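K.L.:
Below are the structure tokens for one structure; questions will follow.
The values are calculated or read from the model by the stated rules, or taken from the named source; none is laboratory data. Given the structure is predicted, the values throughout are model-derived calculations rather than measurements. Note: areas computed on protein heavy atoms with side chains; ligands, DNA, RNA excluded. Shrake-Rupley method; radii C 1.70, N 1.55, O 1.52, S 1.80 Å.
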Amino acid sequence: MDLSCKYNSSKLLLISILSAVFIIYPNIACLSWELSQMDKTVHPEHLSFFVFRLFFFIALIFIILKYNLERIKTVCFKKRMIKTFAAAVVAYLVYVCISHLFSIKADCFTSILLFQFFVVGIVCTFVGHVFLLYAVQWKKEQEIEQLKIENLQSRYNALTNQINPHFFFNSLNGLSALIRKKNEENTLAYVNKLSDVFRYILQSEKKGLVTLGEELEFAEAFRYMMEVRFANKLVFNIIVAKEKMELKLPALSLLPLIDNIVVHNVIDSHHKMVADIWLNEQTELVISNPVFPKHASTPTNGTGLQNLEHRFALLMNRQIRIEPGEKIFRVYLPLKQPKDADTDS
């Protein structure tokens, strides 16, 4: 697994500097004492060698860490340690060769120096393994998150695919009723608005959340269809302030609610249906209608309120509220601010 995307060179350099200072701390602590015991003419050479040792360990740790992170792909800690220590041994031999170029006596074979190279191997192995574990965990979390998104998308697509045939057959029933009445003007207006509604439905399949303004425009077209179909015996009162039109909700939220009004209620000259749509103080879209139950129950395919509840749970992680009553039926749809919807997406 490539770990290069999980770190940057500046952080790696900082780790190298801190590790090098930690490793040569015994040399730092003894520096003042060693200088006091030497002839002053040797001080510059000794200081130069000390600076060389510091920068050598910084560069060594930086290079071995990059090698550990970019070249060693194994998840086995033992194999990683063997390869890291092999690199440390090579670096030790390079150090010995360079140190002999200095005129002062170098501590090439002291136990402290050997221990310092041993610590370099341990530190680089440990850091490389920690980065690997982090990368593996990060990749698993990304895969899980991607699976969740794909699962939610597939479930949402399944729900929206249920809506289309359900609405399509109901619309054809309404069109056939108008054809039987032989009212060409109303039938033509119905067909025109039906095309607008289907255009919105097809476009909504590619969307998750839409603005309240978009959804209400769709409701206006649907309302016209229903008013033509029922000869103005079905009326919608939509009262929503313009500044609230940017609020978000799942696409096609109003379709099953309006459709249920038509499917489950008697609508005729004795039962004029007046449906109200407005926003309450809790920023919920309220849809209410009087209840005129049909004498015989209407068979449905179960895509109405249950479908709507699932889509709100999937896309907004919120629940709709339903208040069934003997005289008034109300549904409360929670809305999201545009910035909240953008964050979720």
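K.L.:
Only residues that are of a type in the set (A, V, I, L, M) and open to solvent by less than 50 Å² (accessible area, probe 1.4 Å): list them for segment 263-282, please.
P.N.:
In the first step, residues of segment 263-282 are kept if they are of a type in the set (A, V, I, L, M); the result is 263, 266-267, 273-275, 277, 279.
Scanning segment 263-282 gives 263, 266, 267, 273, 275, 277, 279.
K.L.:
Of (1) part of a helix (DSSP H, G or I); (2) at pLDDT below 80; (3) open to solvent by 60 Å² or more (accessible area, probe 1.4 Å), residue 82 satisfies all except one. Which?
P.N.:
Of (1) part of a helix (DSSP H, G or I); (2) at pLDDT below 80; (3) open to solvent by 60 Å² or more (accessible area, probe 1.4 Å), only one is false for residue 82: (2).
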